[in-house]
Amino acid sequence: MRKCSLEKINLLFKEIAKNAELYLPQDQTDGSAAYKKWEEGSVWSNALNTVRSPKDFFFPQTEDLMAFKTEGKNIEVIDTRKALDDFVIFGVRACDVKSFDILDRVFLSEPVDSFYALRRSHGVIISLACSKPSETCFCKTFGINPAEPTGDISAWKTETDIFFESNTQKGKELLEKLSALTEECDDTAVVDQKAKIDAIMQKLPLKDLKTDAFGGGKTGELFNAPEWDELSEACLGCGTCTFVCPTCQCYDIKDFNTGNGVIRFRCWDSCMYSDFTKMAHGNNRLTQKERFRQRFMHKLVYYPENNDGLFSCVGCGRCLVKCPISMNIVKVMKKIGGKKGE
Amino acid sequence: MQKITREQLIQKASELLENGTVSAVLGWGIGEFDYDVTPTVFSTVEELRNGFVFNDFCGANFSKYLVKKTDKIEGKILVFLKPCDTYSFNQLLTEHRFDREKVYAVGIPCEGMADIAKVKAISGDGIAAIGSNGDKLTVTTLYADEPVVIAANDVLAERCINCKSKKHVAYDELMGEEGEVIESNRFDEVARLEAMTADERFAFWQNELSRCIRCNACRDACPACTCEKCVFDNPNSGVENKSPANEFEEKLFHIIRAYHVAGRCTDCGECSRVCPQNIPLHLLNRKFIKDMNDFYGEYQAGAEVGSRAPLVDYTTEDLEPGEVFDRRENNA
Ligand code: SF4
Ligand code: SF4
Ligand code: SF4
Ligand code: SF4
Ligand code: SF4
C-alpha cells in the first residue's frame, strides 16, 4: 500500500496527466459534480458521486459508427473510428466500478463491440472508497462493498492522506510511475476507515433490501404481477432513470443526412420511450406500463437469466435521486418482492 | 410547514369518496424517505390512510395527469391543486385537453415547497428523517450528532421563492383561506441576463445547456407539452433526435420547446423542478413571458379559461414585427 498527502494531490494529478488524459469528478456551476478532464487549476469534487455515471467513458451518449459519402452513383464508405490514447478515470465509486463488469458482459461477448472494446482497453480506473454513503445508496444489496472498491487501483481518502493499492498490471504500472509522489505505508488508517464504513453501512435505511424475489427464471411469476399497474401509474416516460443509470445499456442506431451523405451513429435509447425497439410492424410495448416493466424486468430478471444470476443494478441510487416522480427500483423491489424484498 | 395537514386532506378525500362525489383521488403517495413523494391514485379510504402524504415536498403538479386519468376513470376524479397548479389546470381546459365534468378540484393553500437538494446542501447527505415544525425543518442525518434545524425559507424551491400567486384560479371547493396574486421578483434574473452582452449570454446558456442529457423530463412533466407525438419523438418530422449530438442540437431542442410553450406556459416551474441537471429552464420561459408582457400588455396564461394568448391573438394595437426588431437593436 502507498500513500500520498492530500496537500500534494494536485502534483499527483499533474503527474498522471503527463502520460494520459485524466478525468475526475469536478463541481459544476449548478453545484453538482461531473467527470471533467483535469487541467492545471482543476479542483477535485467532494461530492459522493456524479449525476452522469462514468459509463460515458466507454459507452458515450452518441458515437459515430460509420459514414457514407455519395457522389453521383458512387457511395464511399468511411471508417469513423479514431485512434485513442490512454486515459485515467479517478475517483470511481465501488458501485460504478461494478457497472463496468455489467456493461462488459454485453459489449465484450461475441460479437464484440469494437468501439466499446477500444475505449475499455485504453481506460485505467482508479476507484475510491465511500466514507459517507447517502441514504439512497444500496450497493450492499448487490454484494458491492463501498469500503473495498475494485478497479485497476483502489483508493481510500482520509482527512489528511490518500492511500492506493493496485489490483491489476495496468494499475501496478501506473502506481510505479507515481512512486516519487507516494510512499510505502502500512494499512492501519485504511483498516480503520473500512471499519467506519462498515458501521455506517449498518445504519443505511435501505440496508435490508433483498433480491430474493428476483433473478433468472422468474419471468412467468413476475411478468403479470398486478403491482405493475400501480407502480407505473405516474411514470412520465422520460429517460431520466435510464440516462443517469450506470448499467443501462440500450442504444439506437440512426442515420443523419448530411446532404451529400450519411453519418450513421448510435445514441443511448431508453426503454421508457414510445419508439423503443420499434420495428416494421410497429411497437411491441404500447403502454407506459409495458415500458416501465421492461426496465425493471431487464435489470432484475432478464439480465441475471443470461448472466449467471448477476443483477444489472449496482444500487448507486441515481434513479432514486433523479426521477421526477420519485418512482424507482427500490420501490419496485419492495412492492413486487413483497416480504422477500425487505 | 404547510398550514393544511395530511389528516385534513385525507378526511376531505374520504368524505368525497364515501358520498360518491368522486371515484378516485389523485394525491401524493408516501415514499421511502420523508421527501420522495410519488403522484398516486387512491381508490379507497384505506389506501388513503396507508399511503397519502402531504408535506413540504409535495411539489408535483397534478394538472397534466388529468389528461390521461380522466380518460381511464369511471365517475369523477378528485384532484388537489396548489395555487400554481390551478393555472395549469385552466390552461389545459383552454386547450380542451380534459373533460372538466370528470374532475372535482379542491384548491389547497400552499406555503411554498422545499427543494431537497437545498436541504442537503445545508444538512449534508445521508438523510434519516425530516420533521416539520412551524417555519422550521428538523433534519436528522446519519452523520451529524444533532438534528440540523433549517429555516423553511432557506430551502424553498426556486419557483416558490418567486411564487406569482397564492390565489386559486380554478376549483370546485377551496380548503383554507384564499390568497392573493403577488408581486414576485421572478423577472429579476431575466433582467440580469438581458443586461449581459450577447456573447456573455451565449456563454451562459452554452454552459447551462451543455449539461443537458436530453432525458425529456422537462417536456414530459410540462402541462403545456401535451402533444400526442412530440416532433422530437417522430422520425417523420425531420428533426427527431434522441440525444444532443453536438452543441447545435443541445440548443435546438430547448429553443423549440421554449417557443412551443410561449404564451401557454403558466410559469408553473415543473420543468426546472424535474431537470436532473439543474438547468434553469424557467429563465427561458420567463424571458418569453416578460417580452410578451412588454410588447402586448400583461398576460398570465391560465389566469382564466378561454383567454387568447398574445401570440395567437390579433388586435389592431399589436406592434409590428419591425418594432420588436428595433427595440431589440436598441437594447443590444
Ligand atoms: S421511472 Fe421516473 S425517471 Fe424513469 S421514466 Fe418514469 S418518470 Fe422518468
Ligand atoms: S437502476 Fe438506479 S440504482 Fe440501479 S444502477 Fe441504475 S441508476 Fe443505479
Ligand atoms: S452505492 Fe455504495 S459504492 Fe455507490 S456511492 Fe453509494 S456507498 Fe458508494
Ligand atoms: S430535464 Fe434537463 S436534462 Fe432533461 S432534457 Fe430537460 S433540460 Fe435536458
Ligand atoms: S414550460 Fe415549465 S413552467 Fe412553463 S408550463 Fe411547462 S413546466 Fe410549467
message: Of all residues being in a strand (DSSP E or B) and at the interface with chain A (Cβ under 8 Å from one of its Cβ atoms) in region B:30-66, which is nearest to B:His168 (Cα to Cα)? Just the residue, please.
response: B:Pro39
Selection within region B:195-239 - away from ligand 5 (no atom under 16 Å from the Cβ), among the acidic types (Asp, Glu) and at pLDDT 95 or above: B:Asp199, B:Glu200
message: Being within 22 Å of the chain's Cα centre (by Cα) and either open to solvent by less than 70 Å² (accessible area, probe 1.4 Å) or away from every other protein chain (no Cβ under 11 Å) (or both): is that true of B:Glu270 here?
response: yes
query: When you scan region A:32-108 for strands (runs of 3 or more DSSP E) that lie fully inside it, which ones turn up with 2 or more residues that are charged (D, E, K, R)?
result: A:33-37, A:62-71, A:74-79
message: I'd like to check something: does region B:274-284 contain any residue that is away from ligand 1 (no atom under 16 Å from the Cβ), open to solvent by 10 Å² or more (accessible area, probe 1.4 Å) and closer than 23 Å to B:Leu319 by Cβ?
response: yes
A:Leu209 vs. criteria closer than 30 Å to A:Cys4 by Cβ, away from ligand 5 (no atom under 16 Å from the Cβ) and within 14 Å of another protein chain (Cβ to nearest Cβ): no
message: It is to be established whether one or more residues within region A:235-248 are within 10 Å of chain B (Cβ to nearest Cβ), in contact with a strand residue (DSSP E or B) (Cβ under 7 Å, 6 or more places away or on another chain) and more than 16 Å from ligand 5 (Cβ to nearest atom).
response: yes
- request: Would you check if there is a residue in region B:206-213 being among the hydroxyl-bearing types (Ser, Thr, Tyr), under 28 Å from B:Val155 (Cβ atoms) and open to solvent by 50 Å² or more (accessible area, probe 1.4 Å)?
  value: yes
- line: By residue number, the members of region A:87-102 that are within 16 Å of ligand 3 (Cβ to nearest atom) and open to solvent by less than 40 Å² (accessible area, probe 1.4 Å) are A:Ile89, A:Phe90, A:Gly91, A:Val92, A:Arg93, A:Ala94, A:Cys95, A:Asp96, A:Val97, A:Ser99, A:Phe100, A:Ile102
task: Tell me, yes or no, whether region A:238-252 has at least one residue that is under 21 Å from the mean Cα position of the chain (by Cα) and open to solvent by 50 Å² or more (accessible area, probe 1.4 Å).
output: yes
- request: Kindly indicate the residue of region B:239-252 that is more than 14 Å from ligand 4 (Cβ to nearest atom) and open to solvent by 70 Å² or more (accessible area, probe 1.4 Å) and also farthest from the other protein chains (Cβ to nearest Cβ) among those meeting that condition.
  value: B:Phe248
message: Of everything in region A:272-310, what is within 14 Å of ligand 1 (Cβ to nearest atom) and part of a helix (DSSP H, G or I)? Give them in sequence order.
response: A:Gln288, A:Lys289, A:Glu290, A:Arg291, A:Phe292, A:Arg293, A:Gln294, A:Arg295, A:Phe296, A:Met297, A:His298, A:Lys299
message: I need a count of the residues in region A:115-136 that are away from every other protein chain (no Cβ under 14 Å), open to solvent by 50 Å² or more (accessible area, probe 1.4 Å) and not aliphatic (A, V, I, L, M).
response: 2
field: The lone exception for A:Thr136 - which of (1) in a helix (DSSP H, G or I); (2) within 16 Å of ligand 1 (Cβ to nearest atom) it fails
entry: (1)
- prompt: Only one of A:Thr160, A:Thr182, A:Thr219, A:Thr188 is open to solvent by 80 Å² or more (accessible area, probe 1.4 Å), touching a residue at least 60 places away in the same chain (Cβ under 8 Å) and either within 16 Å of ligand 3 (Cβ to nearest atom) or more than 13 Å from chain B (Cβ to nearest Cβ) (or both); which?
  reply: A:Thr160
message: What's the number of the only condition in (1) aliphatic (A, V, I, L, M); (2) part of a helix (DSSP H, G or I); (3) open to solvent by less than 80 Å² (accessible area, probe 1.4 Å) that B:Ile255 fails to meet?
response: (3)
field: Matching residues in region A:281-322 - criterion: being within 16 Å of ligand 3 (Cβ to nearest atom) and within 14 Å of chain B (Cβ to nearest Cβ)
entry: A:Gly315, A:Cys316, A:Gly317, A:Arg318, A:Cys319, A:Leu320, A:Val321, A:Lys322
- request: For A:Asp269, work out the one condition from (1) at positive phi; (2) open to solvent by less than 20 Å² (accessible area, probe 1.4 Å); (3) free of Cβ contacts under 8 Å to residues at least 40 places away in the same chain; (4) of a type outside the set (Val, Ile, Thr) it doesn't fulfil.
  value: (1)
- request: Tell me which of these B:Thr226 doesn't satisfy, since it passes every other one: (1) touching a Pro at 6+ places or on another chain (Cβ under 8 Å); (2) within 30 Å of B:Phe98 (Cα to Cα); (3) touching a residue at least 40 places away in the same chain (Cβ under 8 Å).
  value: (1)
- line: All conditions in (1) open to solvent by 50 Å² or more (accessible area, probe 1.4 Å); (2) away from chain B (no Cβ under 12 Å); (3) in contact with a helix residue (DSSP H, G or I) (Cβ under 9 Å, 6 or more places away or on another chain) are true of A:Ala225 except (1)
message: Given the criteria touching a Leu at 6+ places or on another chain (Cβ under 8 Å) and within 30 Å of A:Lys14 (Cβ to Cβ), does A:Lys82 qualify?
response: no
- request: Of the conditions (1) within 16 Å of ligand 4 (Cβ to nearest atom); (2) closer than 13 Å to A:Phe223 by Cα, A:Glu290 clears all except one; give me its number.
  value: (1)
message: Quick check on my filter: what residues within region B:200-223 are more than 10 Å from chain A (Cβ to nearest Cβ), in a helix (DSSP H, G or I) and in contact (Cβ under 8 Å) with a residue 60 or more places away in the chain?
response: B:Leu209
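The values are calculated or read from the model by the stated rules, or taken from the named source; none is laboratory data. These numbers were taken from a predicted model, which means no experiment stands behind them. Note that each Cβ is placed from the backbone with ideal geometry, even for glycine, and that neighbours are counted across all protein chains shown. Surface areas here come from the heavy atoms of the whole protein model, side chains and all, with no ligands, DNA or RNA. Shrake-Rupley method; radii C 1.70, N 1.55, O 1.52, S 1.80 Å.
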